[in-house]
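A.B. asks: Dropping a structure here in structure tokens format, bear with me for questions.
Just so it is clear, none of the values below were taken in a lab; they were calculated from the coordinates. Since we're looking at a predicted model, the values are computed, not measured. Here Cβ is always computed from backbone atoms with ideal geometry, including for glycine, and neighbour counts include all displayed protein chains.
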């Protein structure tokens, strides 16, 4: 039970923090629906029985009041209908609103520093956290909390009503109903919990492996792994299917258990009201009322069946999501450097997450405003880590760092399934049409965009599908131009481009960066050639710094891959 509470409490707090009133209103309307239904069925049974008995005697028939009970029946019917309608609106609206808020909170939790690298490592798993796991939490309120509260309320109300007929009858009925009605779902929930988790894992594996097959079928075919991937998909499907079969068995057993308990309770209630009526403790109409109240009070517990089967999936989702819902506090901005400098690093060391080996160590480096620095070194030497440090993506473990606001252009061109305008707006949502066109013109892409039938509103496919590699890189460059920051950090900006396109991109970049400071991580000569200084980094340490005009500068250029 402690694990149960530990997994659910963070989610429950967020549920009620977001839409407390709506959630409570939905629960109240659900309770009103059930109570009105119990009252309606009981009063109708009493009225029908009393009316039939009154018809046996002319004197009683004349004095029998049919108006008050019929008015009560109509009132309860209206209340039940209105409450049911309002309950559906309130509970589903509140649930969808809370899930949307949780999805936003979770996304913000993933949007912290370093999250981009995590997304690249396991994108499918994090996508499922945002979709399938969040969707699983709708059962927490709609199929677990509300039905359980309403069922307990119905048991208390029925126990009170039957207790007015005879205290022992009401007490025994309430205890048996609550004990069996809640005990069966708890037992079923424990039995289904493991299988629900297995089913969730199986479906997640099935989806991710299917995505890998569709997206990487060419690579799999070339590597001779296509058949193995298909087998992996079938294995995941079989795993989820076996879990489904076991869940169906648990559901069948729970349904049978509810049917058996309901039959026993109703049989006992029938015998009890018959005995009370026989001993003249209650009248026949009241006996009919008591039997139908008992019958109606059993029904709300059947709604717990679905929640019992999904409790495992819900708890698994809560356990996965809860640690990510606490949005990390915004990291403190980097300290401002001395006037005339873009950044200064003094004995800085930094580590990647969960790594014991430093990515950077003992870095001492400064850059003046308007100066251009190329950082060169072998793969894994620390070039990208230095850019991440300057952009705030990688925190410094030791040392002092001061830097102006920077914009990072990564080696990968990240485009989204959106319009060209939408992809540009990521850099500057407030940019005007003229500003967007100026950025595209500076990147050398405006003519291509204007040649498209829908211009800036041209939709792109997943990953920017619809643009060539050179066009995609130019679009990323236009986004950089829309970011008016004094420091630009470029991670191999022309990697993968042909020589002509690369030189054009570098020329435009050089023109647009006038007055700004540049840091370029590269292993290509043409990119480092536009720098004023070159820093050589090896094993996370800067081993050499040279300035244009020095022999070491030309020697450093000669180490790089030619254009």
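A.B. asks: Taking only the C-alpha atoms, wrap a convex hull around the chain and report its volume per residue in Å³ as a whole number.
C.D. replies: Once divided by residue count, the hull of the chain is 215 Å³.
A.B. asks: How large is the helix-only mean residue ellipticity at 222 nm for the chain, computed as the sum of -39500 (n - 2.57) over DSSP H runs with n ≥ 4, divided by its residue count, in deg cm²/dmol to the nearest 500?
C.D. replies: On the way: 19 runs with 355 residues, N = 563.
It lands at -21500 deg cm²/dmol.
A.B. asks: Computed on alpha carbon atoms, what radius of gyration and Dmax characterise region 337-474, expressed in Å?
C.D. replies: Over region 337-474's Cα set, Rg and Dmax evaluate to 18.7, 54 Å.
A.B. asks: Using only Cα atoms, figure out Rg for region 491-551 and give it as a multiple of 2.2 N^0.38 Å.
C.D. replies: Normalised by 2.2 N^0.38 Å, the Cα Rg of region 491-551 equals 1.19.
A.B. asks: Could you tell me how many degrees, from 0 to 90 and to the nearest 10, lie between the Cα long axis of helix 284-302 and the main elongation axis, the longest principal axis, of the Cα atoms of the chain?
C.D. replies: Here the helix axis deviates by roughly 20 degrees.
A.B. asks: Could I have the simple spin-label model distance between residue 378 and residue 398, label points 7 Å from Cα toward Cβ, reported in nm to one decimal?
C.D. replies: Using points 7 Å along Cα→Cβ, the separation is 2.5 nm.
A.B. asks: Rounded to whole Å and sorted largest first, list the principal axis extents of the Cα atoms in region 183-290.
C.D. replies: Computed over the Cα atoms, the extents are 88, 20, 15 Å.
A.B. asks: Okay, moving on. Once you put a point 7 Å from the Cα of residue 336 and another 7 Å from the Cα of residue 182, both along the Cβ direction, what distance in nm separates them?
C.D. replies: Roughly 6.1 nm, to one decimal.
A.B. asks: Here is a further query. Tell me, what is the FRET efficiency for residue 52 and residue 278 to the nearest 0.05, using R0 = 25 angstrom and their Cβ-Cβ distance as r?
C.D. replies: About 0.85, to the nearest 0.05.
A.B. asks: Sticking with this structure for a sec: Per-residue counts of other Cβ atoms within 10 Å, averaged by peptide: what ranking do you get for 246-254, 481-489, 71-79, highest first? Mind dumping the intermediate values first?
C.D. replies: Values: 246-254: 16.4, 481-489: 19.2, 71-79: 14.7.
Going from most to least packed, we get 481-489, 246-254, 71-79.
A.B. asks: If you don't mind, there's one more thing I want to ask. Taking the alpha-carbon centroid of each part, what is the distance from region 70-92 to region 519-553 in angstrom?
C.D. replies: 76 Å
A.B. asks: Given R₀ = 51 Å, what would the calculated FRET efficiency be for residue 559 paired with residue 225, taking r from the Cβ atoms and rounding to 0.05?
C.D. replies: 0.85
A.B. asks: Once the Cβ-Cβ distance between residue 414 and residue 78 is put in as r, and R0 is 45 Å, what FRET efficiency do you end up with, to the nearest 0.05?
C.D. replies: Using R0 = 45 Å, I get an efficiency of 0.20.
A.B. asks: Also: Evaluate the distance, in nm, between pseudo-label points positioned 7 Å from the Cα of residue 71 and of residue 366 along their respective Cα→Cβ axes.
C.D. replies: Going from the residue 71 label point to the residue 366 one covers 9.2 nm.
A.B. asks: Multiply the residue gap between residue 357 and residue 194 by 0.36 nm, knock off their C-alpha separation, and tell me the result in nm, one decimal place.
C.D. replies: Taking residue 357 through residue 194 to full extension adds about 54.8 nm, to one decimal.
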